[in-house]
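**Q** Right, I'll just put the structure down here and ask away after.
The values are calculated or read from the model by the stated rules, or taken from the named source; none is laboratory data. What you are looking at is a predicted structure, and each value in this text was computed from that prediction instead of being measured. Heads up, the Cβs are rebuilt from the backbone with ideal geometry, glycines too, and the neighbour counts pull from every protein chain shown.
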Amino acid sequence: MAYELRRHALPGQTPGQSRHLLFHCFGEEGKGPKAYLQASLHADETPAMLVAHHLLRLLLAAEARGAITGRIVLVPYANPLGLAQALGRDLSGRYELAGGGNFNRNWPALAEPVAARLQGRLGADAAANVAAIRAALRAVFNEMRPRNALDHLRVALGREACDADLVLDMHCDDEALLHLFLLPQHWPEARDLAAELGAEAVLLAEDSGGASFDESFSWPWVALARRFPGHPIPPACLASTLEFRGRGDVDDATAEADAAALFRVLQRRGLIAGDPGPLPPLKAEATDLAATDSVKAPAAGILAYRVGLGERVAKGQLLAELVDPAAEDPAAARREIRAATDGLLLSQRYHKYVFAGDGVAKVVGREPLPHRVGYLLED
């Protein structure tokens, strides 16, 4: 067994500036299944970094007793660029302030360049096809020529994630219950992940519209299987965005429990020796992401919620009132925000002053909503 701590330098955006990534690498490259886990690609989403801290401790202990049976790569902070972005005393890590946009959008579209490398190389052996596709994915990243610090960050992370069996991108929401995003092709395979973490919702979409990190590595397998229908190509990379509740849910007890759950998932998937024990009951069956209403603010104002996280709401039920502080008549200052579907109130807004069009809540329903097409995420 082997453990290696690798430092990857990123070019500075200005003279005299430097950044680096850390990769905690366990097990031997190419031996057994591979898992890649990264924390806080949105650098101002802190819970995931504390989960990674506790998971690292568990992995180092497993390494010391010779229990690592696969390849595990843990990135304890995936975005040193965002971690350096402070406005006043406030961390601003969701968007690259030099103009690169949301750090978890517009990741490389890999299916076409990989397909071009596969002509005449696929056959009737699914395992051989998987190996060929992973080699092609590595080649695509190795041939990329980054232009700036953000590109360098994406290539460095992508090189480590592209050939993994399991990719977990760890985030959080504003105020929320724990939930997952997955491709429908990975359900119910991912029931162990949802059950171990106690996910209150599992949201499925083939294409959420944002070219997010997880879909950049899971979607090519589905696209390639459709591109080469005469050759067996399984969805060999289970990639998921994990939302570890809300921004304020940062404490050792919660993070330790989440890390222990991830450790058991790695045991169940053959990456760590040992008995994970019985699988907990699943809290929620998966639903179509298009059935989750992303409720928007109709105007600027102050949110006064009328329901709380985890409550079941009915279509038309009052979720919140939006208070206009500039209204001269208090009786005319409030606008109602109502649910568009029956379902679970999964998330709310952390900052209660909002602008027009801001997301203020997510309600997880069961039937796709007509207006939920195209871009299904929140920027």
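**Q** Might you check whether a residue that is on the phi > 0 side of the Ramachandran plot, surrounded by 13 or more Cβ atoms within 10 Å (Cβ to Cβ), touching a residue at least 60 places away in the same chain (Cβ under 8 Å) and over 26 Å from the mean Cα position of the chain (by Cα) occurs anywhere in segment 274-291?
**A** The answer is yes; a qualifying residue exists.
**Q** Condition test on ALA199, is it farther than 26 Å from GLY120 by Cα, within 15 Å of the chain's Cα centre (by Cα), assigned to a strand (DSSP E or B) and assigned by TED's automatic domain parsing to the domain that holds ILE133?
**A** Here the answer is no, as ALA199 does not meet what is asked.
**Q** Another question, then. Would you pick out the residues in segment 43-76 that are under 18 Å from SER212 (Cβ atoms) and surrounded by fewer than 20 Cβ atoms within 10 Å (Cβ to Cβ)?
**A** ASP44
**Q** Please return the ranges of strands (runs of 3 or more DSSP E) entirely within segment 1-67 where 2 or more residues are farther than 13 Å from LEU271 by Cβ and of a type in the set (D, E, K, R).
**A** Output list reads 3-10.
**Q** Can you say whether GLY357 is of a type outside the set (A, V, I, L, M, F, W, C) and either more than 24 Å from the chain's Cα centre (by Cα) or more than 28 Å from TYR95 (Cβ to Cβ) (or both), as far as the supplied structure shows?
**A** Taking the combined requirement at face value, the residue does not satisfy it.
**Q** If you go through segment 145-168, how many residues are part of a helix (DSSP H, G or I), hydrophobic (A, V, I, L, M, F, W, C) and farther than 13 Å from TRP107 by Cα?
**A** Final tally of qualifying residues: 1.
**Q** Still on this structure, I have one more. Six or more apart or on different chains, Cβ atoms under 7 Å: show the pairs whose first residue is in segment 132-152 and not assigned by TED's automatic domain parsing to the domain that holds ASN102 and among the basic types (Lys, Arg) and whose second is loosely packed, with under 15 Cβ neighbours inside 10 Å and not in a helix (DSSP H, G or I).
**A** Short answer, once both residue conditions are applied: none.
**Q** Within segment 255-271, identify whether any single residue is surrounded by fewer than 13 Cβ atoms within 10 Å (Cβ to Cβ) and either assigned to a loop (DSSP other than H, G, I, E, B) or among the small types (Gly, Ala, Ser) (or both), and answer yes or no.
**A** No: zero hits.
**Q** Which one of GLY316, GLY310 is closer than 28 Å to GLY209 by Cα, under 24 Å from the mean Cα position of the chain (by Cα) and part of a loop (DSSP other than H, G, I, E, B)?
**A** On inspection, the qualifying residue turns out to be GLY310.
**Q** Out of the residues in segment 77-103 that are among the small types (Gly, Ala, Ser) and outside any loop (DSSP other than H, G, I, E, B), state the one that is surrounded by the fewest Cβ atoms within 10 Å (Cβ to Cβ).
**A** Only one residue fits best here, namely ALA86.
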